[in-house]
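Report on one structure; see the data block that follows.
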Amino acid sequence: AKVIFSGIQPTGVPHLGNYLGALQQWVKLQNEADEDTKLIYSIVDLHALTGSQDAAELRKHKWNTLATLMAIGLNPWRSTIFFQSDVLAHSELMWILSCEASMGYLSRMTQWKSKLDLEENHNPFEASPGKEGNKLKLGLFSYPVLQAADILIHRATHVPVGHDQSQHLEFARVCANGFNHRHGQVLVPPSTLLSPAKRIQSLAEPSLKMSKSHLNNKSRILLSDTKNTIEKKMKVAVTDTNGYVSYDPEKRPGVTNLLQIAYHMDPEAASAGSLEEYARQFEGTHLKTFKSKLTDVIDDHLTPIRERYFTFAASQNGELMEAAELGAKKARESADATMKAVRDAIGL
Ligand code: TYM
């Protein structure tokens, strides 16, 4: 049977990159799943500790993220939705995997490197004298090992993510195969399920991916943004010197990104065919006109989500707490079954 697993960090209200690159796919998979398919989605609060460590913020973001997952249409009775820190076994399996994980392999992962803002050839493992020491925290470096544990502990067969997670999933497969090679067939190497919108770019700098950590908050559209806010962000979205729409992914990354967002949110896109075919109807349209059409498309798509989001977020957490408790219980059962086999295999 299929087991679908994925995770999201509670670092703020999710943005269009999260939604189009992953969350929209999570809901689709849930709604199209047959009875035998298990779906497990985690709000990875332990991973979020590698970023800022502000208790009040984290607590707020955890519940906001859960409210978002419910608002987009995940059903806590059908899918298991849980906070990672509610299931202790994730941390236990991480330790076990880390006893075999290769430092060399981990050091080649691009994500921690991009978070380090490496100064030229300075060695990230060496403490720089005089400063607060080493910028590289162990948790950021071993982040992929915890992610591998998340996936392997539920014996996930499929992991729906955006393109930026491909390297981490490859690492999870390496962990599973290595463990199985030494201890027998206990873990399941998962397949990566890339969403059709696998990479949404920043509205402010189309060469970068849309991200929660970008300083400019006009670089992303949040699922909770009102029409007025969407309109403002759209107005300043960076394109190029040509004021008219044309489809040219190589030379016009900004315009292409906007076309891509429209394509994945417009209910009429399905009948248009490919992105290129969809884009044809806007060929030669003034960018201003296209941006205002795109504002409508995004707002129409997000309005029901936003309304549900604010209802959940304001519901004094009753419904959310019930969902989290149910999710934690189901996730613990799933994790404990694997841990029994793992402990047995390694002689604990
Ligand atoms: P996170 O929280 O950064 O992002 C959640 C999901 O959103 C996708 N995504 C994007 N997709 C397209 N374009 C973008 N600009 C964009 N930005 C984000 C991500 O690919 C991801 O699917 N390490 C993970 C969380 C995690 C996880 C896991 C995922 C922890 N354990 C196990 C899968 C399985 C992360 O930081 O995602």
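Just so it is clear, none of the values below were taken in a lab; they were calculated from the coordinates. Just so you know, these numbers come straight off a predicted model, no measurement behind them. With ideal geometry, Cβ positions are generated from the backbone for all residues, glycine too; neighbour counts draw on all protein chains shown.
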Original post:
When DSSP assigns beta bridges and you keep just the ones with both residues in the chain, what percent turn out antiparallel, to the nearest 5?
Top reply: 15 percent
**OP:** Count the net charge of all other residues whose Cβ sits under 14 Å from the Cβ of residue 210, scoring Lys and Arg as +1 and Asp and Glu as -1.
**Re:** +4
**OP:** Report, in deg cm²/dmol and to the nearest 500, the calculated mean residue ellipticity at 222 nm for the chain, where each DSSP H run with n ≥ 4 adds -39500 (n - 2.57) and the sum is divided by the residue count.
**Re:** -15000 deg cm²/dmol
Subject >> Point-charge dipole on Cβ atoms (K/R +1, D/E -1) for segment 217-311, about Cα centre, debye to 20 >> reply: 500 debye
Subject >> Radius 11 Å from Cβ of residue 279, net charge of other residues (Lys, Arg +1; Asp, Glu -1) >> reply: -2
Original post:
Going through segment 80-119, which trypsin sites (Lys or Arg not before Pro) have at most 14 other Cβ atoms within 10 Å and a DSSP loop state?
Top reply: 108
Original post:
Quick one: putting +1 on the C-beta of Lys and Arg, -1 on the C-beta of Asp and Glu, what dipole do you get for the chain around its Cα centre, in Debye to the nearest 20?
Top reply: 340 debye
Subject >> Gyration tensor verdict on the chain (Cα atoms; rounded if a/c is under 1.5, prolate if a/b is larger than b/c, oblate otherwise) >> reply: prolate
**OP:** List the trypsin sites (Lys or Arg not before Pro) within segment 239-348 that fall in a DSSP loop (any state other than H, G, I, E or B) and whose Cβ has at most 11 other Cβ atoms within 10 Å.
**Re:** 251
Subject >> Residue of 51, 17, 162 that the Gaussian network model of the chain assigns the largest fluctuation, springs spanning Cα pairs under 10 Å >> reply: 51
**OP:** Over 19 Å between C-alpha atoms is what I'm after, so list which of 2/198; 137/340; 28/198 land there.
**Re:** 2/198; 137/340
Original post:
Say we join alpha carbon atoms closer than 10 Å with springs in a Gaussian network model of the chain; which of 164, 54, 86 then has the biggest fluctuation?
Top reply: 54
Subject >> Net lengthening on full extension, residue 251/residue 77 (0.36 nm per residue, minus Cα-Cα) >> reply: 58.0 nm
Original post:
Summing +1 for each Lys or Arg and -1 for each Asp or Glu, what net charge is found among the other residues whose Cβ lies under 15 Å from the Cβ of residue 25?
Top reply: +2
Original post:
Normalised by the number of residues in the chain, what is the relative contact order in percent for Cα pairs under 8 Å and 6+ residues apart?
Top reply: 23 percent
Original post:
Given a cut-off of under 8 Å on Cα pairs at least six residues apart, what relative contact order in percent is computed for segment 215-319?
Top reply: 35 percent
Original post:
Which of these, 138, 275, 259, has the largest mean-square fluctuation under a Gaussian network model of the chain (Cα springs below 10 Å)?
Top reply: 138
Subject >> Lys pairs, segment 217-311 - Cα-Cα below 22 angstrom, 8 or more residues apart or on other chains >> reply: 23
Subject >> Longest site-free stretch - the chain; sites: chymotrypsin sites (Phe, Trp or Tyr not before Pro), DSSP loop, at most 11 other Cβ within 10 Å >> reply: 126-348
